[in-house]
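Notes for the one structure printed next.
The values are calculated or read from the model by the stated rules, or taken from the named source; none is laboratory data. None of these values were measured; they are calculated from a predicted model. Glycine also receives a Cβ, built like all others from the backbone with ideal geometry; neighbour counts cover every protein chain displayed. Remember, those area values only see protein heavy atoms, side chains included, never the ligands or the DNA or RNA. Shrake-Rupley method; radii C 1.70, N 1.55, O 1.52, S 1.80 Å.
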Amino acid sequence: RLVHLDLKGAAPRAQYLEQVLPLLRALGATGLLLEYEDTFPYTGPLELLRAPHAYSPAELRALLSQARAQGLDVVPLLPFPLQFVLKHREFAHLREVKALPNTLNPHKEESLALVKAMIDQVMALHEDLQWFHIGCDEVYYLGEGEESKQWLQQQDNTPEKLCLSHIKAVATYLASSYPMVTPIVWDDMLRGMSEETLAESGVPQLVQPMIWDYAADISVEGKVQLMEKYRRCGFSKVWFASAFKGATGVNQSLTLIGHHLRNQLEWLQVASRSPADVLEGITLTGWQRYDHFSVLCELLPVAIPSLAVCLQALQNGGYSEKVKENVEKLLGMSNLEIDTYMSTSLGTFPGSNILTLVTQVSFYLKSSVDELLERNRYVTGWFSPYHRKRKIIHPIIMHHFQPDAVSLLSKWNAVVQDLQAAMEQVFHKCAIEEWMEENVHPSLQKLQQLVDDLDEA
């Protein structure tokens, strides 16, 4: 049971992750899938890939050694296609389609050299690895570059074969340089391929596919058939991937636990119908962005109750009152809501204050400001955009809503200050700035502007 930490947005400080590891172990995790992206401390020509808040080698070594001490396997994930690499001018010449930083051009020798260099640097910081996830999902626009178009004109060449040959090249490099490590790939590019194409490619002997589906009502029958298909093609083992957050809305700020719990229960059904020797494990994904360029979805501390429920359901083969009580005890929460977004009880888990404050902001900030600006008759009737632009108001009208506006502003400023302080313990400045600009500033600035306009009027 791997917990996926998606570090391509709002990457938590190393100290926070170290605090969380014992809790993950207690909840039933047996490993971590670490998607570093630009937070890995690349060196040499790759140094420009490092984000300003990337982990230092010392921080990573400490984190990995803490994971080992907790008995957690670590599986690094390099997200090929490499959006975070191809967005840089220095690597733009390796794009499959010149204008789009989505996919690596598989025909260039330099592309494979880049991939190998990245793998080598990641491997150098990790000890005793059993698996290495090489991504390979959502490889959009592969086959649309000029060299690919020429390649595809040759007899028997297809986009599927192009994709498989690239996977094979990366997996072969891993197998020859690091024979103890098994590559894992996301399975979405493989699902639609014929058994014949897959079997002939040689890929099934090299990698383990990770079948992902984050819906609350996945097709259990369809997944069982897909596993059987992969078995027939020659894959020795498969993985599942469920989700505990980051799969229900691109700019989601709160996690609906019930959705993710139902997703795990569906996967348990698939597992119960799988041959015992086929299933290698399950990854609980926790996406932090839908891709490198999208906004942040739920922050890790906000989704810890969801992760706890999901891990415990998987470990116990289902969800019951006893499992619920166990989760509440481990999180220090008096009452866990799974079918509403409302988190009423403050927990004692690391970052639980962030969950409480984010819940407050998500539920009440926008609605309370909109209530005042759009539904208070004194504001809409006597201090409309027309009045505000000209800074005119009848003095008696001010008394009807100025006190409310001022007190609402000071209340929200205090909440936001508390949230800012709580987030500084867990996140770097860039993540806090982004979250605030997306979720807080639009409403808070409207309210501040109203109060400023009133003062001037």
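Sorted largest first, the principal axis extents computed over the alpha-carbon atoms of region 1-125 equal 47, 26, 25 Å. Scanning the chain for DSSP H helices at least 30 Å long along the axis (C-alpha atoms) with a Kyte-Doolittle mean no lower than -1.0 picks out 395-424. Extending 7 Å from Cα along the Cβ direction at residue 62 and again at residue 149 yields two label points whose distance is 5.3 nm. Proximity of backbone amide H atoms, modeled 1.01 Å from N, is registered between residue 73 and 31, 32 at under 5 Å, excluding neighbours fewer than 5 places apart on the same chain.
Restricting to region 2-340, what percent of DSSP beta bridges are antiparallel, rounded to 5?
Working: 2 of 31 bridges.
Given both bridge residues lie in region 2-340, the antiparallel proportion sits at roughly 5 percent.
P(r) for region 353-456, from all Cα pairs and a bin width of 5 Å, is 2, 12, 23, 21, 14, 11, 8, 6, 2, 0 %, short bins first.
Restricted to Cα atoms, region 183-332 shows a radius of gyration and a Dmax of 16.5, 53 angstrom.
Probing with 1.4 Å while keeping every protein chain in the model, the per residue accessible area of the chain equals 43 Å². Normalising the average separation of contacting C-alpha pairs (under 8 angstrom, six or more residues apart) by the number of residues puts the relative contact order of region 2-340 at 16 percent. Gyration tensor over the Cα atoms of the chain: the corresponding equivalent ellipsoid has semi-axes (square roots of 5 times the eigenvalues, largest first) of 44, 27, 21 Å.
Normalising by the residue count of region 382-457, find the relative contact order in percent from Cα pairs under 8 Å and 6+ residues apart. Before the final figure, lay out each step's value.
Details: 30 pairs, mean separation 39.3, N = 76.
It comes to 52 percent, rounded to a whole number.
When only alpha carbons of region 287-394 are considered, Rg and Dmax amount to 20.7, 66 Å.
Annotation: the antiparallel percentage among DSSP beta bridges lying fully within region 1-123 is about 15.
Translational D (Stokes-Einstein, µm²/s) of region 114-250 at 10 °C and 1.306 mPa s when Rh comes from the Kirkwood sum over C-alpha pairs? Working shown, then result.
Details: Rh = 16.4 Å.
Estimated via Stokes-Einstein, D reaches 97 µm²/s.
Straight Cα distances below 25 angstrom link residue 223 to the lysines 161, 168, 237, 245, with same-chain residues fewer than 8 positions distant left out.
Mind checking region 26-80 for chymotrypsin sites (Phe, Trp or Tyr not before Pro) that DSSP puts in a loop (not H, G, I, E or B) and that have at most 15 other Cβ atoms within 10 Å?
Counting only loop positions with at most 15 other Cβ atoms within 10 Å, none of the chymotrypsin sites (Phe, Trp or Tyr not before Pro) in region 26-80 qualifies.
Quick check: at a probe of 1.4 Å, how many percent of the accessible area of region 2-340 sits on carbon and sulfur atoms?
49 percent
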